[in-house]
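A.B. asks: What follows is a single structure, and I will ask about it in a moment.
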Amino acid sequence: MNWDDTPEEAEFRAEVRAFVAAHFPAEYRPDHEAEHSLEPEDVWGYNWAADRVSPDPERRAGARKWAAVLAERGWIAPHWPAEYGGAGLSAKQEFILQEEMMRARVPTVNGIGAFLIGPTILELGTDEQKAEHLPRIARGETTWAQGFSEPESGSDLASLRTRAVRDGDHYVVNGQKVWTSLGVQADWLFVLVRTDQDAPKHKGITFLLVDTKTPGVTVRPITDIRGDAPFAEVFFDDARVPVANRVGEENRGWYVAMTALGFERSGIGATVKFEQALSTLVDYLKSDEGRVHARPDTEGLRLEIARRYAEIRVLYNLARHSASSGDYAGSVSQLFGAELHQRLARTGAKAFGHLAELWQREDAPLGAAFTHLRFDSVAATFLGGTTEIQRNVIATRGLGLPRS
């Protein structure tokens, strides 16, 4: 396929570059402890959801100012209609916007709210839900997290046990969610609960919007193997959620959830991040310091780097295809990207040998970036759907193969 920009798209790309250069707040600079971070969830030291509530007043102000200037252009939720705070961009324009922001190493804003739950409410929500939630997401005033996974229900999500019982105009919710990304920072959750214990497991589930300040909702951070806390566990103890916060019909929440997951992004963010990480590695290995720290098996290392470069170009094309086609193409991109994440981490480790074991950034080559990437990549093949699940989606939806 030819992914070259049309003249109009090239003009829009130049507009985005000029906008970022002119309007990104000077005071909103990367977290210096994380600016060598290669984790694709963070943008070279930024984590907007955490930054907007940072105890550092300058960082907090910078994050909110960046949200404000993006919101003014409708670029927090660029694909939404203007009436809800979007810019009505095409899929290609939205892709260009996300790509150029990643290449400029500045953070996008309100990803889960703008790209998952927002479009779901647009398609399936009530007029009241649209009026209440969409403008606030598009202005960067509320952040969201996804409350799906449970301790015993990860890949087999439909086996979830969190229960909601109807009591007048409310549901009384009891249960637990786990591995909730950005759960600590979230103002709202979108949650799957079981409302019919006797129905087949896919048909007794309901989709609720839950304010994290609701009495009975407790959010506890989970520390990962890197020492960070990017996700949380969430407990519901007789939490009362208004029936008005239900999206779709009772017991039909599974289909709402599948709609939400269908809006997941193409993966361009990770693609650009991997490309920049590999370029950083190559530049470092060419430097005087890099020549001292690199392993001597240059020929084998060059072959590894060449393979990673080719794979990143493949991932870029998969992301472009996914952005325009949807359905199972997103699973192809996610599967390939997750496994590439791990291969890229191993290439960095191979480049530095025993020095790749150093964890402290001030002691290690490239600020221990690839050491941290190795730890982060452990979870890559099961976050957002395991590789097994992605292969099942590709086989059944993409290739038309029968279920076993």
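The values are calculated or read from the model by the stated rules, or taken from the named source; none is laboratory data. Note that the coordinates shown come from a computational prediction; the quantities given were computed from them, not determined experimentally. Heads up, the Cβs are rebuilt from the backbone with ideal geometry, glycines too, and the neighbour counts pull from every protein chain shown. Just so you know, the surface numbers come from the protein's heavy atoms only, side chains and all, with ligands and any DNA or RNA stripped out. Shrake-Rupley method; radii C 1.70, N 1.55, O 1.52, S 1.80 Å.
A.B. asks: Grab the other residues whose beta carbon is less than 10 angstrom from that of Leu301, score K and R as +1, D and E as -1, and report the net.
C.D. replies: Details: positive: Arg295, Arg302, Lys350; negative: Asp297, Glu299, Glu304.
That works out to 0.
A.B. asks: For a quick protection proxy, order the peptides 120-131, 142-153 by their average other-Cβ count within 10 Å, most packed first.
C.D. replies: Descending packing order for the listed peptides: 142-153, 120-131.
A.B. asks: Below 24 Å, Cα to Cα, which lysines can Lys286 reach? Residues fewer than 8 away in the same chain don't count.
C.D. replies: Once the sequence-local lysines are set aside, what remains near Lys286 is Lys273, Lys350.
A.B. asks: Right, something else. Out of the DSSP beta bridges found with both residues in the chain, what percent are antiparallel (nearest 5)?
C.D. replies: Of all bridge pairs located within the chain, approximately 85 percent are antiparallel.
A.B. asks: Any idea what the dipole of the chain comes to, in debye rounded to 20, about its Cα centre with Lys/Arg Cβ at +1 and Asp/Glu Cβ at -1?
C.D. replies: I would put it at about 600 debye.
A.B. asks: Follow-up question, since we're still on this one. Ranked highest first by average number of other Cβ atoms within 10 Å, how do 309-318, 18-27, 244-253 line up?
C.D. replies: Taking the mean over residues of other Cβ atoms within 10 Å, the ranking is 244-253, 309-318, 18-27.
A.B. asks: Moving on. Once the dipole of the chain is set up with Lys and Arg at +1 and Asp and Glu at -1 on Cβ about the Cα centre, which of Leu399, Ala91, Ala138 lies farthest towards its positive end?
C.D. replies: Working it through, the farthest residue towards the positive pole turns out to be Leu399.
A.B. asks: In percent, how large is the relative contact order of the chain, given Cα pairs closer than 8 Å and 6 or more residues apart?
C.D. replies: On the way: 696 pairs, mean separation 52.8, N = 404.
So the answer I get is 13 percent.
A.B. asks: Oh, and also: What are the lysines whose alpha-carbon lies under 19 Å from the alpha-carbon of Lys201, with same-chain residues fewer than 8 places away excluded?
C.D. replies: In chain and number order, the partners are Lys177.
A.B. asks: For Leu303, project a label point 7 Å along Cα to C-beta. Then give me every residue of region 267-295 with its amide nitrogen under 17 Å of that point.
C.D. replies: Hits in region 267-295 for Leu303 at 17 Å: 295.
A.B. asks: What does the charge count around Gly168 come to, taking other residues whose C-beta lies under 15 Å from its C-beta (Lys +1, Arg +1, Asp -1, Glu -1)?
C.D. replies: -1
A.B. asks: Between Asp237, Asp288, Asp167, find the one with the highest GNM mean-square fluctuation for the chain; connect C-alpha pairs within less than 10 Å.
C.D. replies: Asp288
A.B. asks: Rank Leu157, Leu124, Phe207 by how far each Cα sits towards the positive end of the charge dipole of the chain (+1 on Lys, Arg Cβ; -1 on Asp, Glu Cβ) and give me just the farthest.
C.D. replies: The residue sitting most towards the positive pole is Leu157.
A.B. asks: Where a Cα-Cα gap under 16 Å defines reach, which aspartates and glutamates qualify for Lys65, not counting those fewer than 8 residues away within the same chain?
C.D. replies: Here the aspartates and glutamates satisfying the reach criterion relative to Lys65 are Glu27, Asp51, Asp56, Glu141.
A.B. asks: Only one of the listed values, [x] 71, 48, 46; [y] 78, 44, 40; [z] 74, 53, 35, was derived from the coordinates as Cα extents along the principal axes in Å; which label is it?
C.D. replies: Among [x] 71, 48, 46; [y] 78, 44, 40; [z] 74, 53, 35, the one calculated here is [x].
A.B. asks: Then there is this: Rounded to the nearest 20 debye, what is the charge dipole size of region 218-347 about its Cα centre when +1 sits on each Lys and Arg Cβ and -1 on each Asp and Glu Cβ?
C.D. replies: Result for region 218-347 is approximately 340 debye, rounded to the nearest 20.
A.B. asks: Want the number for Phe375 to Ala68: 0.36 nm per residue separation, take away the alpha-carbon distance, what's left?
C.D. replies: Computed gain between Phe375 and Ala68 is 107.1 nm.
A.B. asks: Taking +1 at the Cβ of each Lys and Arg and -1 at the Cβ of each Asp and Glu, which of Gln197, Ala364, Gly269 sits farthest along the dipole of the chain towards its positive end, judged by Cα position relative to the Cα centre?
C.D. replies: Farthest along the dipole direction, towards plus: Gln197.
A.B. asks: Residue separation times 0.36 nm, minus the C-alpha to C-alpha distance between Ser90 and Asp156: what's the value?
C.D. replies: The Ser90-Asp156 span can extend by a further 20.3 nm.
A.B. asks: Related question: Can you tell me how region 102-187 classifies by the Cα gyration tensor, rounded, prolate or oblate, using a/c under 1.5 as the rounded cut?
C.D. replies: Judged from the Cα gyration tensor, region 102-187 comes out oblate (a/c at least 1.5, b/c at or above a/b).
A.B. asks: Still on this structure, I have one more. If I compute solvent accessible area with a 1.4 Å probe over the protein chains, what percent of it on the chain is carbon and sulfur?
C.D. replies: 51 percent
A.B. asks: Counting only heavy atoms of protein chains, what accessible area per residue, in Å², does region 313-384 have with a probe of 1.4 Å?
C.D. replies: Computed with neighbouring chains in place, this is 41 Å² per residue.
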